[in-house]
1. Would you confirm whether or not region 310-319 contains a residue that is surrounded by 17 or more Cβ atoms within 10 Å (Cβ to Cβ) and either at pLDDT 90 or above or assigned to a loop (DSSP other than H, G, I, E, B) (or both)?
2. Take region 293-306 and flag every residue that is modelled with pLDDT under 90 and part of a helix (DSSP H, G or I).
3. Look at region 163-200 and say how many of its residues are surrounded by fewer than 21 Cβ atoms within 10 Å (Cβ to Cβ) and at positive phi.
4. Can you tell which of Arg114, Arg118 is within 16 Å of Asp258 (Cβ to Cβ) and either out of contact with any strand residue (DSSP E or B) (no Cβ under 8 Å at 6 or more places or on another chain) or acidic (Asp, Glu) (or both)?
5. Just one of (1) under 25 Å from Ile201 (Cβ atoms); (2) in a loop (DSSP other than H, G, I, E, B) trips up Thr135, so point out which.
6. Residue under question is Glu128, and the condition is that it be surrounded by 24 or more Cβ atoms within 10 Å (Cβ to Cβ) and either part of a helix (DSSP H, G or I) or touching a strand residue (DSSP E or B) at 6+ places or on another chain (Cβ under 8 Å) (or both); does it hold?
7. Considering only region 193-229, state which residues are in a loop (DSSP other than H, G, I, E, B) and either of a type in the set (Phe, Trp, Tyr) or more than 21 Å from Asp258 (Cα to Cα) (or both).
8. Pairs please, first residue from region 97-125 and of a type in the set (Ser, Thr, Tyr), second anywhere and buried (at least 24 other Cβ atoms within 10 Å of the Cβ) and not in a helix (DSSP H, G or I), Cβ atoms under 6 Å, 6+ apart in sequence or on different chains.
Amino acid sequence: MSIIERLGEDVSELVVPGGRLVGSAGHTEAREYLLRRLKEVGLEGYPGDGYESQYEMLGASVVNVLARLPGTNPDLAPIMLVAHYDTCGPYPGADDNAAAIAILLEAVEPLRARNLERSIVFAFFDAEEPPFYLTPAMGSIYFYTHQRTGPIHCTMVLDLCGHDIAVTGLEDLLFVTGMESDPELAEVVKACEPTSGLRTIPTLNRYIGDLSDHHVFRVNRRPYLFLSCGRWPHYHQPSDTPEKLNYAKMAAIVAYVDSLAAEASQHEFVGPFEGYDTIDTELYFLRQTVGPFLEALGFEPRSREDLDVMVQFMTTQFGL
C-alpha cells in the first residue's frame with residue numbers, strides 16, 4: 001500500500017457517521033481505531049503502559065490519547081507532535097482533524113528509522129473544539145496542567161493540514177507559526193525547507209491567533225510550531241469529507257514533519273521567548289515561495305510594516 005493509500009485509509013476510518021463530538025458513539029469509535037493504529041505502529045504508552053489518559057470536566061468524559069516513540073537517551077526532554085481527534089459538532093472532520101492524525105501516524109516509521117536521542121511523544125488531544133476550546137477542560141490545557149510528566153523540548157501542532165489553499169498557484173502552501181517562540185526555531189525552519197510538493201510560509205502567530213492546541217504551550221512560554229493550511233469553505237461544515245483532501249500534499253507534510261522533528265531534536269532552546277525579530281526569515285520564505293505572486297499583486301515587502309499591510313490584504317481578499 002502506498003503512502004497516499006495509507007493516508008486515505010486512516011482519514012476514511014476516522015470519519016465516522018455522526019462525527020467525533022466528545023461523548024458521542026462516533027467519538028468512541030474513532031478513538032478505538034486510533035488506539036489500534038498506535039499498537040500497529042508499535043508506539044509505547046505515555047507516561048505508562050496505556051495510551052488513554054482520561055478525566056472528567058464540564059460533565060463530559062474526556063480522553064487524551066498519548067503515545068511515545070522512545071529515543072536513545074530517555075533523560076532528554078522529548079519532542080511532542082500534536083493533533084486533536086474530536087470534531088466540532090456532528091461533522092465528518094476529514095480536514096479537521098483526521099488529516100493531521102493520519103500525517104502523524106505516517107511519520108512514526110521515518111522518525112523511528114532516524115534513531116533519535118530524544119523521544120517523540122505523539123499527543124492526540126481530545127476536547128479541542130467548543131465548548132471546551134481555551135477552557136481548563138481543553139485536552140491540551142488539561143494535559144499540560146495535570147498529565148505531563150516532565151518538560152517538553154519543543155511542540156509541533158498540526159491542524160487543518162489536508163486541503164489545498166483556494167488560490168490558483170498557491171495550492172501547495174503550508175503556514176508555519178511560532179518560529180518567534182525561540183531564536184533556534186528560525187534555524188530549524190530554514191534547515192527544513194521542503195524540496196518538492198510543498199511550500200511553507202513561516203509567519204508570526206499573532207497574524208493567525210491561537211486557533212488550536214499550541215495555545216497552552218505559547219502562554220507557558222515553551223517553544224512551539226503550529227502547522228496549518230488555514231481555514232477553508234468546508235471548515236466546521238458537513239462538507240468536510242475525505243474526497244476533498246489532497247493526499248499528495250499530506251504526504252509531503254509527513255516528510256516535512258519528520259524533518260522538523262529530527263532537526264529540532266538537535267537544537268537547544270534557551271530563549272528568549274518571543275524575544276527576537278523573525279522578519280528576515282519571513283521575508284526570505286515569502287520571496288522563495290510566493291515572490292512572483294506578490295509582485296503581480298504589487299507587493300514587495302521589505303519590513304514588518306509591509307508584512308502587516310500584506311497580511312491584512314491577503315486575509316480580506318483571499319481568506320488566508
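The values are calculated or read from the model by the stated rules, or taken from the named source; none is laboratory data. Given the structure is predicted, the values throughout are model-derived calculations rather than measurements. Every residue, glycine as well, gets a Cβ built from its backbone with ideal geometry; the counts of neighbours run over all protein chains shown.
1. no
2. Answer for region 293-306, where residues must be modelled with pLDDT under 90 and part of a helix (DSSP H, G or I): Phe293, Leu294, Glu295, Ala296, Leu297, Asp306.
3. Adding up the residues that qualify gives 2.
4. After applying the criteria, what remains is Arg114.
5. (1)
6. yes
7. Leu204, Ile208, Gly209, Asp210, Leu211, Asn220, Arg221, listed by residue number.
8. Sorted first by the residue in region 97-125, then by its partner, the pairs are Ser119/Pro78.
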